[in-house]
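Only one structure is covered here, and it is reproduced in the block below.
The values are calculated or read from the model by the stated rules, or taken from the named source; none is laboratory data. Every value quoted in this text rests on a predicted model; they were computed, and no experiment measured them. Note: ideal-geometry Cβ built from the backbone for every residue, glycine included; neighbour counts use all protein chains shown.
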Amino acid sequence: MKKYKPTTPSRRNMQTVNYKEYLTESKPHKKLTSGFKRSMGRNNQGRITTRHKGGGNKRLFREIDFKYNKIDIPAKIESVEYDPNRSGFIALVVYNDGERRYILAPKGAKVDDKFIVSADAPINAGNRIMLKNIPVGTFVYNVEIKPTGGAKLVRSAGNYAQVIANDQGYTLLKMPSSEVRKIPEKCFATIGEVSNPENKLRKYGKAGASRWKGIRPTVRGSAMNPVDHPYGGGEGAQGRGTRRPKTFTGKVTGGRKTRTPKKYSNYLVVSRRKVGKKR
């Protein structure tokens with residue numbers, strides 16, 4: 001991590017990832033970029049559905065390959081780059097047939113590192129392999145939910161899932177949340193961990209750094225009036241005054257299970273994630 005001299009009150013507390021240590025290119029590959037409009041927490045009618053989002057620096061979208069549909073074609077990393085739209089680093093790779101794509105970089109990725117997408121490739125970091133051929137105890141990321149469906153799970157910086165067992169056409173994975181889940185054994189996953197594990201150690205140092213990221217201020221409910229929030233009102237500092245914690249719309253947030261009771265994937269969850277004091 002990069003720490004700064006306390007030239008100002010905000011600099012004193014600022015701590016960022018030392019990007020020069022990991023990144024090799026500052027400008028993205030133009031053919032794999034495009035402009036896009038961020039939602040800013042609005043739905044298709046323009047109404048705010050997620051609060052505290054908006055503003056921030058303009059971003060260029062990088063087209064990341066989560067399909068990995070170039071099977072049995074070796075590839076080489078050309079550069080490791082920053083992506084403002086995700087927490088992990090990305091890598092520009094060139095396949096042996098000359099095509100270039102962006103992928104989610106594995107931890108420790110360097111220029112000229114090679115990888116391959118194959119059902120039974122060697123167990124090396126960056127290689128993408130069918131789950132049934134991955135040994136128990138191996139760390140994986142970029143996990144598919146359905147065969148050829150593209151990577152959906154375990155994509156944030158520093159994350160990994162662990163292969164626990166193979167049984168009756170399924171592979172059991174322990175997710176970063178501690179949930180144990182069954183995945184069809186013909187799905188693919190990438191060996192290793194997602195790059196940039198230091199991302200969680202970053203300290204913004206000042207409110208402005210959050211605004212650069214598109215994060216707007218969050219006002220405490222207890223500081224509002226009764227008309228605006230269930231916690232509002234009272235003289236001086238008050239407790240919340242309600243039995244359970246809830247949002248400004250009255251929705252209970254603490255202790256209530258939010259998973260849909262008849263969700264299609266319920267039968268795939270072997271054990272639920274551990275939350276609260278037990279964890």
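Laid out as a table, the results:
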item	result
Residue match in region 23-39 (condition: over 26 Å from Lys213 (Cβ atoms) and within 21 Å of the chain's Cα centre (by Cα))	no
Unique match (being at positive phi and not polar (S, T, N, Q)) among Tyr4, Tyr82, Tyr19, Tyr68	Tyr68
Residue check for Pro245: under 22 Å from the mean Cα position of the chain (by Cα) and surrounded by 14 or more Cβ atoms within 10 Å (Cβ to Cβ)	no
Residues of region 247-279 that turn out to be more than 29 Å from Glu185 (Cα to Cα) and touching a strand residue (DSSP E or B) at 6+ places or on another chain (Cβ under 9 Å), as a count	3
Residue that is surrounded by the fewest Cβ atoms within 10 Å (Cβ to Cβ) [pool: residues in region 50-61 that are over 13 Å from Arg216 (Cβ atoms) and either touching a Ser or Thr at 6+ places or on another chain (Cβ under 9 Å) or of a type in the set (Lys, Arg) (or both)]	Lys58
Positions within region 217-242 being surrounded by 15 or more Cβ atoms within 10 Å (Cβ to Cβ) and not aliphatic (A, V, I, L, M), in sequence order	Gly221, Ser222, His229, Pro230, Tyr231, Gly232
Any hit, region 208-228, residues being without any contact (Cβ under 8 Å) to a residue 60 or more places away in the chain, out of contact with any Ser or Thr (no Cβ under 7 Å at 6 or more places or on another chain), hydroxyl-bearing (Ser, Thr, Tyr) and farther than 30 Å from Leu23 by Cβ	yes
Residues (of a type in the set (S, T, N, Q) and crowded, with 17+ Cβ neighbours inside 10 Å) located in region 110-137	Ser118, Asn127
Selection within region 134-146 - more than 22 Å from Asp113 (Cα to Cα) and either more than 21 Å from the chain's Cα centre (by Cα) or charged (D, E, K, R) (or both)	Pro135, Val136, Gly137, Glu144, Lys146
Condition broken by Val80, with the remaining ones in (1) under 18 Å from the mean Cα position of the chain (by Cα); (2) assigned to a loop (DSSP other than H, G, I, E, B) satisfied	(2)
Selection status of Lys70, farther than 21 Å from Tyr160 by Cα, among the charged types (D, E, K, R) and either surrounded by 15 or more Cβ atoms within 10 Å (Cβ to Cβ) or touching a residue at least 24 places away in the same chain (Cβ under 8 Å) (or both)	yes
Residue within region 27-48 that is of a type in the set (S, T, N, Q) and either assigned to a helix (DSSP H, G or I) or in contact (Cβ under 8 Å) with a residue 60 or more places away in the chain (or both) present	no
Test: residue in region 130-148 that is at pLDDT below 95, part of a loop (DSSP other than H, G, I, E, B) and within 25 Å of Ser34 (Cβ to Cβ)	yes
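Residue-by-condition table, conditions (1) in contact with a Phe, Trp or Tyr (Cβ under 9 Å, 6 or more places away or on another chain); (2) of a type in the set (D, E, K, R); (3) not in a loop (DSSP other than H, G, I, E, B):
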residue	(1), (2), (3)
Ala157	yes, no, no
Val163	yes, no, yes
Leu173	no, no, yes
Ile183	yes, no, yes
Asn199	no, no, yes
Ser210	yes, no, yes
